[in-house]
Structure formats: C-alpha cells, structure tokens
Amino acid sequence: MMANLVEILELNDFVSGAGYDPTIGFESLYSRLHVADPQPLLVQEIENRVEDYFNRLILPRYPTIYDLLLLSLRGKDAIFTFNWDPFLADAYDRIAEQVPSTNMPNIFHLHGNVRVAFCEQCLMAMPKIETCPTCGAKLNPTRLLYPVEKKDYAEGPYMVSQWKDFREFIGRALIITIFGYSAPMTDQEAMTTLKAAWKDGESHKLIHRLEIIDIRDQNELARQWSSFSIFHHYDIRRSFHESLLARYPRRSCEALFQSNYDGKVVEPIAWAGNLEGMGNAIDELVAYEYPKKSEIEIGEIGDGP
Ligand SMILES: [Zn+2]
C-alpha cells in the first residue's frame with residue numbers, strides 16, 4: 001500500500017531527520033518534498049529506495065490474481081496500471097512461456113515500471129533489456145512517475161505513447177473495470193482524461209458498463225464513480241471473482257452483449273479452480289478465438305468472434 005511505503009522502505013529516521021513527519025503517508029510526504037524542492041538529496045534517496053525495492057519483488061510460484069487477470073483478457077483488450085511493481089509484467093512473461101498459444105492483453109504502465117523499457121526509435125514499450133530487438137537501439141528504462149499533483153503526462157515519447165493508447169482504448173471500450181484503485185487527489189488529471197475518453201467515445205452506449213472492484217463503502221464508491229457511468233450502468237464488485245472478467249473470462253463483452261442486448265441467459269464459465277482445470281478451460285476458450293496469436297502482426301489488435 002502507498003500509505004505504508006515509508007515504513008516498508010525504512011525511511012522513518014531518514015525523513016524525520018530531515019525535519020518531515022514520516023506518519024503522513026508516502027503520497028503526501030513525497031508531494032510536500034517535491035513542492036519544497038524537486039531535486040534535493042532526500043527525494044533522490046527516496047526514489048533510489050523505491051526503485052530498488054520494487055525491482056526486488058517476485059511473484060510466488062502459484063497462480064496469482066495477476067495471472068487470472070491476464071488470462072481473463074485477450075489481445076484486443078488492455079490493462080492500464082499505475083503500479084510500479086513488476087507483478088503484471090512478470091506474470092505476463094511466465095504465461096507467455098507456459099501457455100504460448102494464449103493471445104494476451106496489452107499492458108500499459110501509466111506511471112512507469114521497474115521492468116519496462118522504451119525504444120525511442122520504434123516508439124514501443126518492452127521488457128527491460130539492453131537493446132531493442134527490432135532496431136538494435138539502446139533502450140531507456142521508464143522513469144517512475146511519483147505522486148505529485150502536476151505530473152508530466154506529456155513529457156517524453158514514452159508517456160505520450162502510453163496516454164495516447166489509453167485514450168484510444170477507453171474511447172472504444174465496451175467494459176471498463178476499475179480494480180482496487182482509490183483515485184487519489186494526485187491523480188486528478190488521469191481521472192479527467194478517463195472520463196472524457198469514456199463518455200465521448202464511440203456510440204452504442206446503451207450497454208456500456210463500468211465495473212468497480214473495491215472493498216470500500218458502497219456510498220463512498222458511488223460518490224466517487226457514478227459520474228463516470230453511462231446511463232448509471234455501473235456495478236460494484238467486492239472481489240475480482242465477482243466481476244464480469246472472472247465470470248466470463250475472455251468473453252466478457254460477448255456475455256454482456258448477449259445478456260443485455262439480445263436478452264439471452266448467459267451461464268458463467270467455470271475456470272478459476274485448480275491449476276489443471278484452469279489450464280484446460282483457458283485452452284478451450286483460446287481454441288475458439290480468432291485470429292490465432294501466430295496470425296497477428298505486431299502492432300495489430302486481434303479480434304474474436
Ligand atoms: Zn527499436
């Protein structure tokens with residue numbers, strides 16, 4: 001949690017030694033330090049520790065919610081995350097290795113990520129390695145974007161490309177799932193962009209759906225998100241397993257369309273049980289998807305029946 005990051009990074013003594021209150025939480029602390037002076041030693045030390053800490057995180061061997069999330073989506077879908085941790089990128093890698101036929105969703109790291117680099121020649125984000133496999137240029141690690149009120153979303157080709165794709169995907173999305181995101185005050189600009197892209201997007205808004213997976217109070221969530229919904233079509237889910245993604249993995253849009261537009265009863269797909277059953281269920285779903293992963297050109301977005 002952002003709130004206890006000061007403690008996790010063992011910054012307490014360091015921060016109080018510099019005359020700041022370490023109990024106000026990481027986001028407030030960083031914002032204040034940044035406003036006072038964007039480049040003091042204290043800010044640099046915090047950034048080094050953040051980078052080092054998140055770099056060292058590793059996934060457990062068993063399938064996690066990150067694996068489920070990735071498997072529940074297809075190549076036409078996208079995940080936009082503000083997380084610096086490497087879990088989605090690492091889960092993506094191991095699924096690509098273990099289930100090579102799976103056509104995986106796009107991932108965009110809107111605040112940078114410790115595992116992601118960017119090729120300024122090809123304008124493509126990719127796993128952090130030395131050189132770009134396409135053009136051979138030296139890759140730049142993505143800069144982590146910190147919780148300050150005025151973020152540099154328009155600075156540099158990496159951020160520009162991530163936010164351009166964000167607006168495009170959101171503009172033509174049928175379902176948006178907001179997963180465990182508190183929408184802090186320091187993300188106001190991101191929220192404004194989300195609302196504009198979603199509400200001004202393509203027509204056919206009758207069945208568009210906003211899903212919020214969050215354990216906070218229902219009224220609080222309604223206050224925060226109802227203005228983002230179209231025709232008040234939003235649902236609050238208490239866990240990922242209640243969401244459309246979990247109930248209709250890789251078929252959430254089809255299920256929503258058939259139930260809300262065609263008026264059909266759509267049975268949920270059982271898949272997220274034991275490992276073996278999960279693999280079989282995903283294989284069966286993937287077998288009916290078109291085009292196959294091997295038939296998709298780089299940069300092209302796959303579509304399914
Ligand atoms: Zn390149």
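Quick notes
- Single residue of the stretch 125-138 satisfying the filter (more than 9 Å from the ligand (Cβ to nearest atom) and assigned to a loop (DSSP other than H, G, I, E, B)) that is nearest to residue 81 (Cα to Cα): 128
- Number of positions in the stretch 96-111 that are within 15 Å of residue 165 (Cβ to Cβ) and either within 16 Å of the ligand (Cβ to nearest atom) or not polar (S, T, N, Q) (or both): 6
- Test: residue in the stretch 5-24 that is touching a Gly at 6+ places or on another chain (Cβ under 9 Å) and under 17 Å from residue 83 (Cα atoms): yes
- Enumeration of residues in the stretch 149-182 that are out of contact with any strand residue (DSSP E or B) (no Cβ under 8 Å at 6 or more places or on another chain) and within 16 Å of the ligand (Cβ to nearest atom): 156
- For the stretch 139-148, taking the residues that are over 13 Å from residue 54 (Cβ atoms) and in contact with a strand residue (DSSP E or B) (Cβ under 6 Å, 6 or more places away or on another chain), the one that is nearest to the ligand (Cβ to nearest atom) is identified as 139.
- Selected residue [assigned by TED's automatic domain parsing to the domain that holds residue 78 and without any contact (Cβ under 8 Å) to a residue 24 or more places away in the chain] from 238, 247: 247
- Condition check for residue 122: within 16 Å of the ligand (Cβ to nearest atom), buried (at least 18 other Cβ atoms within 10 Å of the Cβ), more than 24 Å from residue 178 (Cβ to Cβ) and modelled with pLDDT of 90 or more: no
- Long-range neighbours under 8 Å by Cβ, at least six apart or interchain, first residue on the phi > 0 side of the Ramachandran plot within the stretch 97-117, second among the charged types (D, E, K, R): 112/143
Yes or no, residue by residue, for (1) surrounded by fewer than 17 Cβ atoms within 10 Å (Cβ to Cβ); (2) modelled with pLDDT under 90:
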{"residue": "115", "(1), (2)": "no, no"}
{"residue": "130", "(1), (2)": "yes, yes"}
{"residue": "144", "(1), (2)": "yes, yes"}
{"residue": "180", "(1), (2)": "yes, yes"}
{"residue": "201", "(1), (2)": "no, yes"}
{"residue": "208", "(1), (2)": "no, yes"}
{"residue": "211", "(1), (2)": "no, no"}
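The values are calculated or read from the model by the stated rules, or taken from the named source; none is laboratory data. These figures come from a predicted structure and were not determined experimentally. All Cβ positions, even for glycine, are placed from backbone atoms using ideal geometry, and neighbour counts span all protein chains on display.
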